[in-house]
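S.K.: Provided herewith is a single structure, encoded as C-alpha cells, for subsequent inquiry.
The values are calculated or read from the model by the stated rules, or taken from the named source; none is laboratory data. What you are looking at is a predicted structure, and each value in this text was computed from that prediction instead of being measured. A quick note on method: Cβ atoms are made from the backbone with ideal geometry, for glycine too, and the neighbour counts reach across all protein chains shown.
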Amino acid sequence: MIELSHVSKRFGEETAVDDISLRVPKGKFCALVGTSGCGKSTTLRMINRLIEHSEGDIILDGQAIEVYDPVKLRRRIGYVIQHTGLFPHWNVARNIGLVPRLLKWSAADVQGRVEELMDLLGLPVGEFAHKYPHQLSGGQAQRVGVARALAADPDILLMDEPFGALDPITREKLQDELAKLQARLHKTVVFVTHDMDEALKLADHLVVMREGRIVQQGSPLALLQQPADSFVESLLGGLERGLKQAALTRVKDHMTSMGPTLPAQSRIPADFSLRQALSMMLRDHSDRLTVVDQHDVPIGELSLRRIIKEAQLDKGSARE
Amino acid sequence: MSLLDALSTPRLRWDGRHPNTVLVSLSLIMLAAFWSLDVVSMAPNRIVQGTSYGALEALGWPGALLATLLLSFIGILAWQPSPRHYRALLAAVMTLMALMPVGLIASSYLLIDPELPQARLGLGAAYWVVLFVLLLCLIEIRLRLKLTRLWPTLLLCGVALVWWLCATLWLDSLALVQEFKARDRQFLRAIGQHVTLVGAAVSISVVVGLVLAMLMRRYARLQKSAFAVLNFLQTIPSLALFGLLLAPLAWLAANVPLLGQLGVSGIGTTPALIALIAYSLLPMVRNTYIALEEVSPDTLEAAKGMGMRAGQRFWQVRLPLALPVLLEGVRITTVQAIGLTAVAALIGAGGLGTFIFQGLGQAAMDMVLLGALPILMLALVVDAGLGALAEALRPGGTR
C-alpha cells in the first residue's frame, strides 16, 4: 500500500506539489492525470525517492520511506519511463535482467526470469533476447521497459507516461495488454498520464491534479458522474463525457429479461460496453437490442429508454 | 571523423548511368602527372644534385605502357560504375601501389651505372602525386563499397609489406634506403624514443583528462576556468612553449637536487613531455567531458530509478556509453602528439624529428623523408586503429 499524507515539494521559492494526500491500496491501479507541469511526475518520483519530498509523510507498507535505503527502496519498486530509458549498449535480455542482477540473483535464476517475462510480454526469446534497443520499434522497446520494471517481481509499479511517445494504435494495444497484465498480477500501480481516456480505461482510482494540488480524486465513474469543477469536466471531455461514462459500463448491468414483444433484430454480447450498444442503436436505427451470451443465445434485451432512465437515477443517487 | 574520412560525401547513391566523376578526374590527374612530372631522379653521390628522368627514361617503354594502361583502366572502370567495377577498381588501385617499388627496381637497372656504387635513386614528383592520388581513390572506393575502415587498412598494410620487402632486397640504390642503412641503429632508437614520448604523454593526459573532466562535472565553476587555461595553452606555438619551459626547469634542476637526480633538466625529455601533455590536455579533457555529458539523461534516470548505485551508474552505464567519443579524443590527441613530438627533437628529446632537423641542416631531403615518412605512417596507423576501435565499441553496433 502507498499512502501520501499532506505531502509538499518545494524547489526554492516554487511549490511543485502542494499538500496532497492520497491512498493507493494494495493491488489497485491509481492514475495521476493533469496537464504538463501540474506536479504529477514529481509526485511519482517522490515515491521512489528520485526526488525527496519537503513536507508530509509518504508511507510504504506501513513505514515512512525515509527509513529505507533509497537504493534498496528503488530495487523493490518497478519503474517505467516515457522514453524507456533502456541501456543502448545492452541487449534486451541483459536490460530486463538488470534489477535481479543488482539483487545478486544467480545467473540461472536471472535467465529463467528474463525468459518468463519476455514470454509474458509477447517478446519471443529467440527473436528478441539478443537484439539491441535501437533495433526495436517503439512498442517493442516499451514492452522491454515494462519487463525490466517487473523483473524482480516488485509489489509496486511506478509508470511515468509510459505510452506517451507511441503512436495511437500501438498505445491502445499496450494499454489493453497492461490491463490484462494487471488483472493477472495485481500490482500496486501509480500511473502518470495526461491522456484522460488512458486513465479512464486503466485506473481503479483517478487523481486529477492542477498546479501542484489535487482537484478531485475518486473512481472513474464517480468523476464522470460528478466532476468537481469545469477544469475536471473539460479534462473529461466536456460533451463527450456521457459516452465516456457509457464506455465504462457493461451491457449486462443495464439489460432486462426478455419482454413480451418480439426480440429486436440487432444482437449485442453481454460483456460489450454501453457505448458500443449506443453506437449500434444509432447504426441500426433501433431503440432496442437483443443481448446474447458468448454462444449467441439471447439472454435479455437493452432499451434506450431504460438506459436513460437508469442514468437519471445514477445521477440522483450520486448527488445524495 | 578520421583522417581517411575527411573527404567523405554524406550521401552516396548507386547510379550506374552517370560516370563517377571523382575517380575519372583522379585518373586523369595521375596520367597527367605521370607523363609530365619527373618519375625519378638519379645522383652519382649524396652531395651532387641529381638529374631528373621522365616516365620513358625511368621505366622504359614496357613499364611506362603498363603504368599508363593501369591508370587509364581506373578512369574507364569509373565511367560506368557498378559494384563489380568498384571491386575491380579496388584491385587496380592495390596493384598499382604494390607495383610502384617494382618500377623503382626497373629504373635502378636502367639508370644506375654499376661502376658507381655511391649512386642513388630519388623518388620524383610523379611518384608522390600518384601515391597520394591513389590513396584518395581508395577513400572514394571504400565509401562506394561501404567497407569498414578495417579492410583498406589491412590492404595498405599488405602493400607496405611489399614495399618493405622490395626495399630491403632489391632497392639498395634508393636514397631513402641508403639513408636508413647509414643509421639503422639510430633510426630504431629514434622510433623507440618517439613512441615512448607519445605513449607517455598520451597515457598521462588520458588519466589527468579523465580526472579533470570528472571534477568539472562536479564543480561547474571549475569548468570555465579550466577550459580557459587549456585553450590558452593550446595557442602557444610549440617551439615557444619548449623555450618557455627551458629556464624554469633548468632552475629547478639546479636548485632541487632530487629533481636533478631524476633526470629533470632544461632540455631533453622532461620539457618535451611537459609540453606534449600541455597540448594533449585540451582535446583530451574536451572530448572526455563532452562524452560523459552527452549520455542520455533518460538512460541515467532509468539507471537511478532501477536502483543502481552511483558507482554502478558510472562504470556500467555512463562510461561504456561515453567510450566511443572518449576514444575519439584519445585518437585526436595521439595523432597530434605524434606530430608535435617531431618538434621536440629541437630541445634534445630525440625521436624521429632528429632526422628531419639534421636533414634540413644538411639540405639532404632524403634524410628529412627518413624522419617524416615514419611519422606519417605512425599517425595513419594510430588513426585507423583507434578509429576502428571506437567504431567497434559503439553501443550495440549503433552508428
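S.K.: Can you name the residue in region A:217-274 that is of a type in the set (S, T, N, Q) and outside any loop (DSSP other than H, G, I, E, B) and, of all such residues, is surrounded by the fewest Cβ atoms within 10 Å (Cβ to Cβ)?
M.R.: Out of the qualifying residues, it is A:S230.
S.K.: Something else now. Among B:L292, B:L249, B:L245, B:L276, which is within 19 Å of B:I338 (Cβ to Cβ), surrounded by 17 or more Cβ atoms within 10 Å (Cβ to Cβ) and more than 14 Å from chain A (Cβ to nearest Cβ)?
M.R.: Sole residue among the options that is within 19 Å of B:I338 (Cβ to Cβ), surrounded by 17 or more Cβ atoms within 10 Å (Cβ to Cβ) and more than 14 Å from chain A (Cβ to nearest Cβ): B:L276.
S.K.: Looking only at region A:72-125, count how many residues are within 14 Å of chain B (Cβ to nearest Cβ), of a type in the set (G, A, S) and in a helix (DSSP H, G or I).
M.R.: 1
S.K.: Here is a check on your reading of the model: is B:F242 aromatic (F, W, Y) and either within 20 Å of B:V335 (Cα to Cα) or in contact with a His (Cβ under 9 Å, 6 or more places away or on another chain) (or both)?
M.R.: Yes.
S.K.: I'd like the residue in region A:244-292 that is under 28 Å from the mean Cα position of the chain (by Cα) and among the acidic types (D, E) and, out of all such residues, is nearest to A:L202 (Cα to Cα).
M.R.: Residue satisfying both the conditions and the ranking: A:D271.
S.K.: Please go through region B:311-337 and pick out each residue that is more than 32 Å from the chain's Cα centre (by Cα) and facing chain A (nearest Cβ under 9 Å).
M.R.: B:Q312, B:Q316, B:V317, listed by residue number.
S.K.: Hey, can you tell me all the residues within region B:339-374 that are over 22 Å from B:I267 (Cβ atoms) and touching a residue at least 40 places away in the same chain (Cβ under 8 Å)?
M.R.: Within region B:339-374, B:A364, B:M365, B:D366, B:M367, B:L369, B:L370, B:L373, B:P374 qualify.
S.K.: Continuing with the same structure: Can you tell me how many residues within region B:367-393 are over 19 Å from B:G339 (Cβ atoms) and either in the same structural domain as B:V48 (by TED's automatic domain parsing) or within 19 Å of the chain's Cα centre (by Cα) (or both)?
M.R.: 4
S.K.: Looking at region B:324-352, which of its residues are crowded, with 19+ Cβ neighbours inside 10 Å, modelled with pLDDT of 85 or more and small (G, A, S)?
M.R.: B:G329, B:A337, B:A342
S.K.: From the list B:L134, B:L176, pick out the single residue that is buried (at least 18 other Cβ atoms within 10 Å of the Cβ) and under 18 Å from the mean Cα position of the chain (by Cα).
M.R.: The conditions single out B:L134.
S.K.: Restricting attention to region B:62-83, which residues are over 14 Å from B:P19 (Cα atoms) and of a type outside the set (S, T, N, Q)?
M.R.: Residues satisfying the conditions are B:P62, B:G63, B:A64, B:L65, B:L66, B:A67, B:L69, B:L70, B:L71.
S.K.: Out of the residues in region A:45-71 that are more than 24 Å from the chain's Cα centre (by Cα) and more than 18 Å from A:M1 (Cβ to Cβ), which is nearest to the other protein chains (Cβ to nearest Cβ)?
M.R.: A:V71
S.K.: Next up: Return only the number of the condition from (1) surrounded by 19 or more Cβ atoms within 10 Å (Cβ to Cβ); (2) in contact (Cβ under 8 Å) with a residue 60 or more places away in the chain that B:L59 does not satisfy.
M.R.: If we test B:L59 against (1) surrounded by 19 or more Cβ atoms within 10 Å (Cβ to Cβ); (2) in contact (Cβ under 8 Å) with a residue 60 or more places away in the chain, just (2) comes out false.
S.K.: Hey, can you tell me all the residues within region A:277-300 that are closer than 11 Å to A:Q265 by Cα and part of a loop (DSSP other than H, G, I, E, B)?
M.R.: Matches in region A:277-300: A:H285, A:S286, A:D287.
S.K.: Among the residues that make up region B:365-380, is at least one of them small (G, A, S) and either within 14 Å of another protein chain (Cβ to nearest Cβ) or more than 21 Å from B:I204 (Cβ to Cβ) (or both)?
M.R.: yes
S.K.: Is one or more of the residues making up region B:144-152 assigned to a helix (DSSP H, G or I), at pLDDT below 85 and buried (at least 16 other Cβ atoms within 10 Å of the Cβ)?
M.R.: Scanning region B:144-152, I find at least one residue that is assigned to a helix (DSSP H, G or I), at pLDDT below 85 and buried (at least 16 other Cβ atoms within 10 Å of the Cβ), so the answer is yes.
S.K.: Could you grab me the full set of residues in region A:147-192 that are buried (at least 23 other Cβ atoms within 10 Å of the Cβ) and in contact with a Pro (Cβ under 7 Å, 6 or more places away or on another chain)?
M.R.: Passing the criteria: only A:A151.
S.K.: Quick check on region B:307-321. Is at least one of its residues free of Cβ contacts under 8 Å to residues at least 24 places away in the same chain, assigned to a loop (DSSP other than H, G, I, E, B) and within 19 Å of B:R217 (Cβ to Cβ)?
M.R.: yes
S.K.: Please find, within region A:126-143, the residue that is farthest from A:R94 (Cα to Cα) out of those that are within 14 Å of another protein chain (Cβ to nearest Cβ) and assigned to a loop (DSSP other than H, G, I, E, B).
M.R.: A:L136
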